[in-house]
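Before any comments, here is the structure.
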Amino acid sequence: MSCGQNKTKQKELELKEKELALLEKELSLKYKDTVTLQNNPVDTVTLTPNMILEDKIELPFIGTKYFNFMGGSGTGQSITITKDGTVILKSHGAPEAETEPSVNFKGKYSKLIKVNKNEIYKIEGDKIYMVNAKGVVEKGCEGEGIPCISYLN
């Protein structure tokens, strides 16, 4: 092998070593939250990255938006989502009533937000839907047969 070929092989080897180091670093970051708890040889629990990543759902927005499934005065609601994933749903009475909004729900964001046993909300894009437990849009909010959908403003 000539001197030029040796330098080329050396550069290729250095690049492969750098790639390997980056790959190892990437894997260590990916699995940094993997924990094995072991009290005794029989009792072992392993938390895999998939289990941990399930809690990291992309938030549809951060801030406060308003909506009204019923379309009337005194039936408006707001949804606030904070950057840590906390969701606060409030009902706002009619402006002339001069009452404070009431908190209907406070909890962590999920794709289906269970406000109570009869109300489940789902956000997609710039709309919010009232859905059943299977995610199917409920009907009857503004009248019989009308889907329970509202724009988020």
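Bear in mind these aren't lab numbers, they're just calculated from the coordinates by the rules spelled out. Owing to the predicted nature of the structure, the values given are computational and were not obtained by experimental measurement. With ideal geometry, Cβ positions are generated from the backbone for all residues, glycine too; neighbour counts draw on all protein chains shown.
Tabulated values for the structure
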quantity	calculated
Cβ-Cβ under 7 Å pairs, at least 6 apart or on other chains, region 122-139 side without any contact (Cβ under 8 Å) to a residue 12 or more places away in the chain, far side surrounded by 11 or more Cβ atoms within 10 Å (Cβ to Cβ) and of a type outside the set (A, V, I, L, M, F, W, C)	GLU138/ASN132; LYS139/PRO147
Verdict on LYS134 being of a type in the set (Lys, Arg) and outside any strand (DSSP E or B)	yes
Number of positions in region 87-129 that are out of contact with any strand residue (DSSP E or B) (no Cβ under 7 Å at 6 or more places or on another chain) and buried (at least 16 other Cβ atoms within 10 Å of the Cβ)	1
Residue within region 130-138 that is surrounded by fewer than 13 Cβ atoms within 10 Å (Cβ to Cβ) and of a type in the set (Lys, Arg) present	yes
